[in-house]
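Read the structure below first, then the notes.
The values are calculated or read from the model by the stated rules, or taken from the named source; none is laboratory data. Worth saying up front: this structure is predicted, and the values here are computed from it rather than measured. Cβ: placed from backbone, ideal geometry, glycine included. Neighbour counts: every protein chain shown.
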Amino acid sequence: MWPIALALALNCFAQQQEWERSFEAARQLVGVGQYVAAAEKLEEARQAAEAFGPDDLRLATIWNALGRMDTELGRYREAERALRQAVRIYDRAGRKDQEYASMLRSLSNLYSCWHWDSRAQELAQRAFDIHSKTLPTNHPDIAKDLRLVAHLDVLEGRYREAESLDRRALAIWNLRPEGNQIDIALTLNDLANILGGLKRHAEAEPLLEQAVALAERSAGTEHPLTGLTVGNLGALRLYQRRNTEAERLLARALAINERALGAQHPDVAVTCMAYAQALRRLNRKREAKEYEKRAQAIRANHSAEDASQYTVDVRTLMVPPGR
């Protein structure tokens with residue numbers, strides 16, 4: 001029996017090494033904005049983690065990471081399946097800790113992409129409640145929760161409440177700015193959009209410019225975060241009637257998004273429509289029509305998938321262990 005036990009132990013050690021190697025490679029790829037390649041590495045890590053057993057928390061960690069990556073890539077059906085798997089493993093283990101709350105936040109973020117606001121709000125509140133009971137008030141996870149709730153408030157038109165939450169999140173990030181540049185850029189971007197919704201565009205402009213600079217410096221010129229912030233700055237330039245500058249910024253954002261996220265990503269459709277508007281203002285109407293057609297085709301492709309058939313009541317994701 002001893003040789004068999006040794007062989008099993010060696011195999012488990014090899015699977016652990018493969019899991020760690022693939023997971024770290026995925027983390028590095030995310031850092032430079034190569035999301036498609038990162039998702040492939042995460043799938044390799046998931047396959048290695050399957051050897052640990054269906055209830056192993058390492059497998060839940062990979063499912064959560066896969067779900068977050070699929071959300072970023074606009075693969076919402078796959079994202080929901082992965083995130084539900086992660087939450088169920090933690091439910092069966094009876095774990096309601098910081099990691100579990102982060103999984104609920106990931107699922108909430110996904111549902112906000114589908115505009116299922118009530119479901120997203122419920123999960124975001126649960127995540128915030130868990131973190132509030134277990135973490136100090138200036139912890140980064142609290143800031144992430146605040147930013148998500150602010151985003152959900154924006155979807156409901158509660159801009160002033162969202163502004164307050166994002167400013168609280170930004171204050172937390174600024175306590176340790178050296179390690180949180182990407183989160184600061186994201187929050188500045190969100191806050192600028194909120195101020196735009198409140199017609200306070202003069203206040204929004206320096207925030208967006210700062211977000212672009214931070215994104216380029218901390219994430220790189222080809223990262224999706226840079227595409228996001230550059231695109232939003234281009235949209236602001238459209239509002240300001242600085243059409244030539246808007247066209248240049250939006251063309252750059254579109255190129256970044258296509259390379260990093262893929263030509264069929266929902267964000268590409270949004271940028272195509274904004275770019276078409278800039279082209280129309282520059283009397284390049286034929287080009288504008290082509291980009292409008294592209295945006296409509298991408299949106300039609302995503303709306304053709306009835307997301308409701310792929311989900312369940314969120315309460316079934318939070319049942320007591322053993323049920």
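Considering only residues that are surrounded by fewer than 17 Cβ atoms within 10 Å (Cβ to Cβ), of a type in the set (Ser, Thr, Tyr) and under 21 Å from residue 186 (Cα atoms), which ones fall in the stretch 98-146?
The one that is surrounded by fewer than 17 Cβ atoms within 10 Å (Cβ to Cβ), of a type in the set (Ser, Thr, Tyr) and under 21 Å from residue 186 (Cα atoms): 137.
For the stretch 211-220, state whether one or more residues are within 25 Å of residue 119 (Cα to Cα), in contact with a His (Cβ under 9 Å, 6 or more places away or on another chain) and acidic (Asp, Glu).
Looking through the stretch 211-220, none of the residues is within 25 Å of residue 119 (Cα to Cα), in contact with a His (Cβ under 9 Å, 6 or more places away or on another chain) and acidic (Asp, Glu).
Regarding residue 177, is this residue surrounded by fewer than 21 Cβ atoms within 10 Å (Cβ to Cβ), modelled with pLDDT under 95 and not assigned by TED's automatic domain parsing to the domain that holds residue 29?
Values: surrounded by fewer than 21 Cβ atoms within 10 Å (Cβ to Cβ): yes; modelled with pLDDT under 95: yes; not assigned by TED's automatic domain parsing to the domain that holds residue 29: yes.
The answer is yes for residue 177.
Identify the single condition in (1) farther than 25 Å from residue 233 by Cβ; (2) at pLDDT 95 or above; (3) of a type in the set (Ser, Thr, Tyr) that residue 159 does not satisfy, given that it satisfies every other one.
Just one mismatch for residue 159, condition (1).
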